[in-house]
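Taking it in order: structure first as C-alpha cells, then the write-up.
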Amino acid sequence: MYRMVLKHDVGAQAPGFTLKDPDGRDVSLESFREKGNVALIFFTGGFDRDALRNLQTLADRYPRIRDTDTEVIAITPELPGKVKTLAGSLNPPFQILSDPDLKVVKEYDIFNPDTNWAWPAAFIIDRAGVIQYAFRGASAPNTPPIDYMLMKLNQMKEGKAPAAAGRART
C-alpha cells in the first residue's frame, strides 16, 4: 500500500500562518488557537461543486462543531477577489481565507505539483498547536469527512485519546 511521508502529521506541531480574510484583514492560526481547537479545512475553490457541498456541510454542522470548543478556518488557493465573492454568496459562519501564493498549502504538505494547486485536506489542531487529526484527499472529490471529524472533536472534548491520521486511498 502506498503511504506518503509527510512533514506535518498527527502528533506534530502545526505550523503557524497569517493569511488575508475576504476583507483584506490579516488572520492568524494563533489568534484562533487562543480560543480553543481549530478545524483547518483546505478546499480547491468555488469552482469545485464537491468542495462547495463540503463547505455547506461545515456551515450546517458549525453549531455542533462550536459545541466542541472548536473554530473552523477554511483555506483556498483562489485569489482574494474570488474568495470575497464566494464568502458573500455562501455567507458561512466561519472564516474563509485566501492562500494565492500556496505558501500555507505547501507548508501543510498538500501541494499538488501536477496541477500547481492544493489537494483537499483537513487538520484538527488542539489549543497547544498539536495536530490531532489529519486528512489529505487524493483528488478533488475526496473532501474531508465532516461528520467523522465531528466525532473526533467530541472524543477530544470528552478527553479520549487523540485521533488517528486519516488519508484518502489512492
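Any residue in the range 26-36 that is touching a helix residue (DSSP H, G or I) at 6+ places or on another chain (Cβ under 7 Å) and either assigned to a strand (DSSP E or B) or in contact (Cβ under 8 Å) with a residue 60 or more places away in the chain (or both)? Lay out the reasoning, then the answer.
Here is the first cut: in the range 26-36, the residues touching a helix residue (DSSP H, G or I) at 6+ places or on another chain (Cβ under 7 Å) are none.
No, there is no match, as no residue in the range 26-36 is touching a helix residue (DSSP H, G or I) at 6+ places or on another chain (Cβ under 7 Å) and either assigned to a strand (DSSP E or B) or in contact (Cβ under 8 Å) with a residue 60 or more places away in the chain (or both).
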Which one is modelled with the lowest pLDDT, of the residues in the range 112-170 that are basic (K, R) and part of a strand (DSSP E or B)?
R167
Close pairs (8 angstrom Cβ cut-off, 6 or more residues apart or separate chains): part of a strand (DSSP E or B) in the range 61-74, surrounded by fewer than 17 Cβ atoms within 10 Å (Cβ to Cβ) and of a type in the set (K, R) anywhere
E71/K35
Filter result for the condition that a residue is within 16 Å of the chain's Cα centre (by Cα), farther than 20 Å from P145 by Cα and of a type in the set (V, I, T), over V72, V38, V105, V83:
V83
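So is L86 under 23 Å from N37 (Cβ atoms) and part of a helix (DSSP H, G or I) or not?
Spelling it out, it is not the case that L86 is under 23 Å from N37 (Cβ atoms) and part of a helix (DSSP H, G or I).
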Listed residues Y133, Y62; which is crowded, with 22+ Cβ neighbours inside 10 Å and among the hydroxyl-bearing types (S, T, Y)?
Y133
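The values are calculated or read from the model by the stated rules, or taken from the named source; none is laboratory data. This one's a predicted model, so the numbers in the text were calculated from it and none came from an experiment. As a convention, Cβ positions derive from the backbone with ideal geometry for all residues, glycine included, and neighbour counts pool all protein chains shown.
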